Amino acid sequence: MGVALDGCTIPGADKSGFSLGDHEIELGLGIHGEKGVERRAPLPADALVDTLLSSIVADLVLDRGERVALFVNGLGATPDMELAIVLRAAHDNLHRRGIVVARAWAGTFLSALNMPGCSISVLRLNDERAVLLDAPTQARAWPGGGAVNTQIRVASAAVQEVPLPPLDAAGRAWAARLQPALHAVAQTLIDHEQTLTDLDAAAGDGDLGASMLRAAQAILALPESAYGTPAGALSALGAALRRAIAGSSGPFYATALLRASRRLADIAEPSARDWAAAFRGAVDSISELGGAHAGDRTMLDALVPAVAAFERALDNDRDPASAWAAAVEAAEHGAQETARMTPRAGRASYLGERAIGTPDGGAVAVSYWLRALQAHIV
């Protein structure tokens, strides 16, 4: 049984055989693009697979303990990664029904040209059919193999959460200051998700907005007890972002925050100079870890001028709020200047001069969260 997210366009036609709305899918369509039997709102992968398999299992009258071969076929415009997600969901669904999946495949074996979607096929298996499926063949589209290793179990690693002690009066006071500041950072990352996605898509893989959204969600999920001290808050934040942010940005942010945390360890009331030292240590750690420097068109092109402006303003006896405003202004200027730079680090470096004209998304993200903190600097 198949599901389509849109129709297909046959050669010679100027439009697809059928069209679906933005919030529609079609069930039970034919492999040649014929219309299906039902339209409904899109479903998550697990729910969609359950709908398809419920019809298949009922039609085959499959009983618990029976062996089957499972076949997930792409209809032409569905990435292999998504087909693998459907295969996983179908395997788990059949397992919960007590049905043994002995052979399994996923791929685009028989397409409906450019149709986005997939179909699930289930074959009741006996020894004779298993031998035939395993037989060697020169058919180019048949991948062979397919035997399911029943000894392999995939399990998510358990995250060992260390319970934090209740906050004392001093800890509650710090939480009252730090938590709103970081929640402001989270909110600005949420607000600018699409902008960051668009900037990253111009010179990268387009996942920065989603990564920063996950960072925001990780920040909002931190308990109040994580904010009991500045060093503790930075350490907890670093651990959370390491797990939340995909790609190289996760380790960079985590390393920076942990370095800053160490600079503030055992300082009950950090001064502006202490915060500046922590900020400097964080920025330097990113450069040390990734090997990039200011001018390479990375997040450092916002961070380096920001920390320098903050230090310089403090040296000129400006108050912390005024000094931070100078840091924000320097970061925003530095981020916009990346539009003139040829990237020399990161994924954008593969584009060379083609990346010129659009600011670096990572640097712009830095400028966003630095400005979000400004209202909380006193």
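Some points to look at:
- Pairs, first at negative phi and modelled with pLDDT of 95 or more in region 309-328, second surrounded by fewer than 17 Cβ atoms within 10 Å (Cβ to Cβ) and in a loop (DSSP other than H, G, I, E, B), C-beta under 7 Å, six or more apart: P320/V378; A321/V378
- Taking region 1-114 and the strands (runs of 3 or more DSSP E) fully enclosed by it, the elements with 2 or more residues that are within 23 Å of R129 (Cβ to Cβ) and among the aliphatic types (A, V, I, L, M) are at 67-74, 100-107.
- Residue check, G33 modelled with pLDDT of 90 or more, touching a Gly at 6+ places or on another chain (Cβ under 7 Å) and not basic (K, R): no
- Answer residue from region 204-228, given it is out of contact with any Leu (no Cβ under 8 Å at 6 or more places or on another chain) and at pLDDT 90 or above and is surrounded by the fewest Cβ atoms within 10 Å (Cβ to Cβ) among those: A221
- In region 248-279, the qualifying residues are those that are more than 30 Å from A169 (Cα to Cα) and part of a helix (DSSP H, G or I), and the one that is farthest from the chain's Cα centre (by Cα) is F252.
- Pair list, Cβ under 8 Å, 6 or more apart: region 284-301 residue free of Cβ contacts under 8 Å to residues at least 40 places away in the same chain, other residue among the basic types (K, R) and part of a helix (DSSP H, G or I): D284/R259; S285/R259
- The set of residues in region 296-306 that are in a loop (DSSP other than H, G, I, E, B) and over 20 Å from L208 (Cα atoms) is empty.
- Test result for I245, among the β-branched types (V, I, T), at pLDDT 95 or above, buried (at least 22 other Cβ atoms within 10 Å of the Cβ) and farther than 28 Å from R318 by Cβ: no
The values are calculated or read from the model by the stated rules, or taken from the named source; none is laboratory data. Keep in mind it's a predicted model, so treat the numbers as computed, not measured. Neighbour counts run over all protein chains shown; Cβ positions are idealised from the backbone, glycine included.
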